[in-house]
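To start, the structure under review is shown below, and the notes come after it.
The values are calculated or read from the model by the stated rules, or taken from the named source; none is laboratory data. Quick caveat: nothing in here was measured; it's all calculated off a predicted structure. Here the Cβ positions follow ideal geometry from the backbone for every residue, glycine too, while neighbour counts run over all protein chains shown. Protein only, heavy atoms only, side chains kept; ligands, DNA and RNA dropped before computing areas. Shrake-Rupley method; radii C 1.70, N 1.55, O 1.52, S 1.80 Å.
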Amino acid sequence: MEQYIIKGGTPLSGEVTISGAKNAALGILAAAIMSDEDVVVENLPDVRDINVMLEAIMEIGAEVDRRDRHTVRINGRSIKEVSVDDEFIRRIRASYYFIGALLGKYRHARVPLPGGCNIGSRPIDQHIKGFKALGAEVRIESGAVMADADILRAAHIYFDVVSVGATINVMMASVMAEGQTIIENAAKEPHIVDVANFLNSMGANIRGAGTDTIRIRGVQKLHGTEYAIIPDQIEAGTFMCMAAATRGNVLIKNVIPKHLEAITAKLIEMGNEVVEYDEAVRVIGAASQRHTDIKTLPYPGFPTDMQPQISVTLSLAEGTSMVTESIFENRFKYVDELARMGGNIKVEGNVAVIDGIRNFSGATVSAPDLRAGAALVIAGLAAEGFTAVEEIGYIQRGYENFEEKISAIGGKIELVDSEREAAKFRLRVG
Ligand code: EPZ
């Protein structure tokens, strides 16, 4: 079974280039099928979730022409199905974006309900609330969402919770509805803005993305476009924590520093140095770092997808830190794995109390989900001795060339799929 084997203790140094944003790309690929003309998407991250999404798009009959790892041409003209195969839903949650895209374009959609996942129940009640407000009849039948509308008309929708997925899904469903739809209490993440900019480049009329009120004036149809996805804020933040936790000095290129402000602020509070450039940030990890408190919030607050990574970094700081996870109800599963490496974290409800330790000691651990898996790799890179991280399929869903990028900045990490290969790595790096 594939795993990462890591020899810790080397301060990372050098330059790493960030890939396109996975969570923007998933919404953008779904929206791409809403045109009957060629849509070219560039700067795609070459990760498992994206590749599964492209398979699903092919499956419903759209043309998909992968020009290279990071570029794809899609044309929705030949779509013959408004129902998405269950197999794809099980593999990625974001396939629920097909409901908004197919409903918005064809007024009909049949998409299996996404399962929960390891970080919480992940309901889609707000998505459904938005579709119904636009005039669709939505019912759940044998595990699938059936959405149908004679016409879609503008609505004034107020989300009960701030939801990235519901904001993107309802934005797509309303771009060709009659009149002006208003979404209140919308999510403001960078990837919401990216999806809105993408749809506008196809001829949509969306204003206010990035604020909590988005106005969408329906248009007749969407034309083709060429569009490059923004850099991945969470991949960038992951490498920022990696530099801090290993007391390294890393230049992280192809980023939008503004998207990283919450992470930068916390790393500086802890005593690290963060230098901002136009499209890069440099993180210099301090030898001795201070504790601080974190509360995950919708953007521009501290991102929930960075909670495991900052918790590992705080585990190596002096003193006691409090991390409050206010978005998902089950996002501390990595704490038990960190305990095997000497981590000292107690979880009470949605708060983790972290007592700083001098260093982790290497152990065999298992990734419980995507971001927790990345956090365990950070712990292994800082730890004394060897760490094996299992279940790395989670990590490969969202990080492109993860081990290659880490090796290129001095990290001693290898992807192995046998004990023999792991033993050879141990011998080689000693
Ligand atoms: C997106 O998930 C991201 N996934 C998640 O990233 C990210 O953690 C999350 O946004 C928050 O930023 C993708 O973009 C593919 P939400 P999403 O709807 O859209 C509740 C990663 O690591 N809620 O913003 O599913 C929900 O339970 C992944 O890349 C409802 O109650 O998240 C949660 O508590 C993990 N009803 C909160 O809102 C709904 O209808 C935020 O969820 C929808 C959501």
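Residue-by-condition table, conditions (1) open to solvent by 40 Å² or more (accessible area, probe 1.4 Å); (2) within 16 Å of the ligand (Cβ to nearest atom):
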{"site": "Pro303", "(1), (2)": "no, yes"}
{"site": "Glu318", "(1), (2)": "yes, no"}
{"site": "Phe328", "(1), (2)": "yes, yes"}
{"site": "Val353", "(1), (2)": "no, no"}
Does the stretch 1-24 hold any residues that are in contact with a helix residue (DSSP H, G or I) (Cβ under 8 Å, 6 or more places away or on another chain), surrounded by fewer than 24 Cβ atoms within 10 Å (Cβ to Cβ) and charged (D, E, K, R), and which are they? Glu2, Lys7
Kindly indicate whether Asn344 is within 16 Å of the ligand (Cβ to nearest atom), open to solvent by 60 Å² or more (accessible area, probe 1.4 Å) and among the polar types (S, T, N, Q). no
Could you tell me which numbered condition Arg122 fails, if it satisfies all but one of (1) more than 20 Å from Asn169 (Cα to Cα); (2) at pLDDT below 85? (1)
Might you check whether a residue that is basic (Lys, Arg) and near the ligand (Cβ under 9 Å from one of its atoms) occurs anywhere in the stretch 127-146? yes
Gly27 versus (1) away from the ligand (no atom under 16 Å from the Cβ); (2) open to solvent by less than 10 Å² (accessible area, probe 1.4 Å): which is the lone unmet condition? (1)
Consider only pairs whose beta carbons are under 9 Å apart and that are at least six residues apart or on different chains; among these, list those whose first residue lies in the stretch 197-215 and is aromatic (Phe, Trp, Tyr) and whose second residue is assigned to a loop (DSSP other than H, G, I, E, B). Phe198/Ala204; Phe198/Ile229
Among the residues of the stretch 57-71, write down those that are surrounded by fewer than 19 Cβ atoms within 10 Å (Cβ to Cβ), touching a helix residue (DSSP H, G or I) at 6+ places or on another chain (Cβ under 7 Å) and assigned to a loop (DSSP other than H, G, I, E, B). Gly61
Scan Gly248, Gly210, Gly218 and give me the residue that is away from the ligand (no atom under 16 Å from the Cβ) and more than 25 Å from Ile345 (Cβ to Cβ). Gly218
For the stretch 183-210, which positions are under 20 Å from Lys22 (Cα atoms), among the small types (Gly, Ala, Ser) and open to solvent by 10 Å² or more (accessible area, probe 1.4 Å)? Ser201, Ala209, Gly210
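Does the stretch 160-182 hold any residues that are open to solvent by less than 10 Å² (accessible area, probe 1.4 Å), among the β-branched types (Val, Ile, Thr) and within 13 Å of the ligand (Cβ to nearest atom), and which are they? It would help to see each step written out before you state the result.
First, pick out the residues of the stretch 160-182 that are open to solvent by less than 10 Å² (accessible area, probe 1.4 Å): 165-175, 177, 181.
Going one step further and asking which of them are among the β-branched types (Val, Ile, Thr), we end up with 167-168, 170, 175, 181.
Passing the criteria: Thr167, Ile168, Val170.
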Among the residues of the stretch 30-52, how many are surrounded by fewer than 24 Cβ atoms within 10 Å (Cβ to Cβ) and part of a helix (DSSP H, G or I)? 4
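Looking at the structure I just gave you, is Met306 under 17 Å from the mean Cα position of the chain (by Cα) and in contact (Cβ under 8 Å) with a residue 12 or more places away in the chain? Outline the logic, then answer.
On the way: under 17 Å from the mean Cα position of the chain (by Cα): yes; in contact (Cβ under 8 Å) with a residue 12 or more places away in the chain: yes.
So Met306 passes the test.
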For a quick check of your reading of the model, give me the residue pairs whose first member lies in the stretch 177-188 and is in the same structural domain as Asp160 (by TED's automatic domain parsing) and modelled with pLDDT under 95, whose second is open to solvent by 40 Å² or more (accessible area, probe 1.4 Å) and of a type in the set (D, E, K, R), with beta-carbon atoms closer than 9 Å and at least 6 apart or on different chains. Glu178/Arg153
Test each condition in (1) under 26 Å from Thr225 (Cα atoms); (2) away from the ligand (no atom under 15 Å from the Cβ); (3) at pLDDT 95 or above for Val193 and report the one that comes out false. (2)
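Would it be correct to say that Pro112 is within 16 Å of the ligand (Cβ to nearest atom), without any contact (Cβ under 8 Å) to a residue 12 or more places away in the chain and under 30 Å from Asn350 (Cβ atoms)? Step through it out loud before you land on a result.
Working: within 16 Å of the ligand (Cβ to nearest atom): yes; without any contact (Cβ under 8 Å) to a residue 12 or more places away in the chain: no; under 30 Å from Asn350 (Cβ atoms): yes.
No.
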Could you say whether any residue in the stretch 135-147 is more than 21 Å from Met176 (Cα to Cα), without any contact (Cβ under 8 Å) to a residue 12 or more places away in the chain, among the charged types (D, E, K, R) and not assigned by TED's automatic domain parsing to the domain that holds Asp305? yes
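Need at least 1 residues that are open to solvent by less than 10 Å² (accessible area, probe 1.4 Å) and more than 21 Å from Gln220 (Cβ to Cβ) per element, so show me which strands (runs of 3 or more DSSP E) inside the stretch 72-148 make the cut, counting only ones lying wholly within it.
Numbers: elements: 108-112, 137-141, 144-148.
Of the strands (runs of 3 or more DSSP E) lying wholly inside the stretch 72-148, those with at least 1 residues that are open to solvent by less than 10 Å² (accessible area, probe 1.4 Å) and more than 21 Å from Gln220 (Cβ to Cβ) span 108-112, 144-148.
Taking into account only those residues within the stretch 330-341 that are touching a helix residue (DSSP H, G or I) at 6+ places or on another chain (Cβ under 7 Å) and either in a strand (DSSP E or B) or open to solvent by 20 Å² or more (accessible area, probe 1.4 Å) (or both), which is farthest from the ligand (Cβ to nearest atom)?
Our first condition is that a residue be touching a helix residue (DSSP H, G or I) at 6+ places or on another chain (Cβ under 7 Å); within the stretch 330-341, this holds for 331, 333-334, 337-338, 341.
Okay, now just the ones that are also either in a strand (DSSP E or B) or open to solvent by 20 Å² or more (accessible area, probe 1.4 Å) (or both), so 333, 337.
Numbers: Lys333: 13, Glu337: 17 Å.
Result: Glu337.
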Scanning the stretch 363-384 for residues that are more than 16 Å from the ligand (Cβ to nearest atom) and either under 17 Å from Ala243 (Cβ atoms) or open to solvent by 30 Å² or more (accessible area, probe 1.4 Å) (or both) gives Thr364, Ser366, Ala379, Gly380, Leu381, Ala382, Ala383, Glu384
Could you give every pair whose Cβ atoms fall below 6 Å, whose first residue belongs to the stretch 255-280 and is over 23 Å from Glu318 (Cα atoms), and whose second residue is open to solvent by 40 Å² or more (accessible area, probe 1.4 Å) and assigned to a loop (DSSP other than H, G, I, E, B), counting only separations of at least 6 or pairs across chains? none
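Can you list the strands (runs of 3 or more DSSP E) lying wholly within the stretch 169-232 that have 2 or more residues being more than 25 Å from Val145 (Cα to Cα)? Steps first, answer last, please.
Details: elements: 180-184, 213-217, 225-228.
Strands (runs of 3 or more DSSP E) meeting the threshold: 213-217, 225-228.
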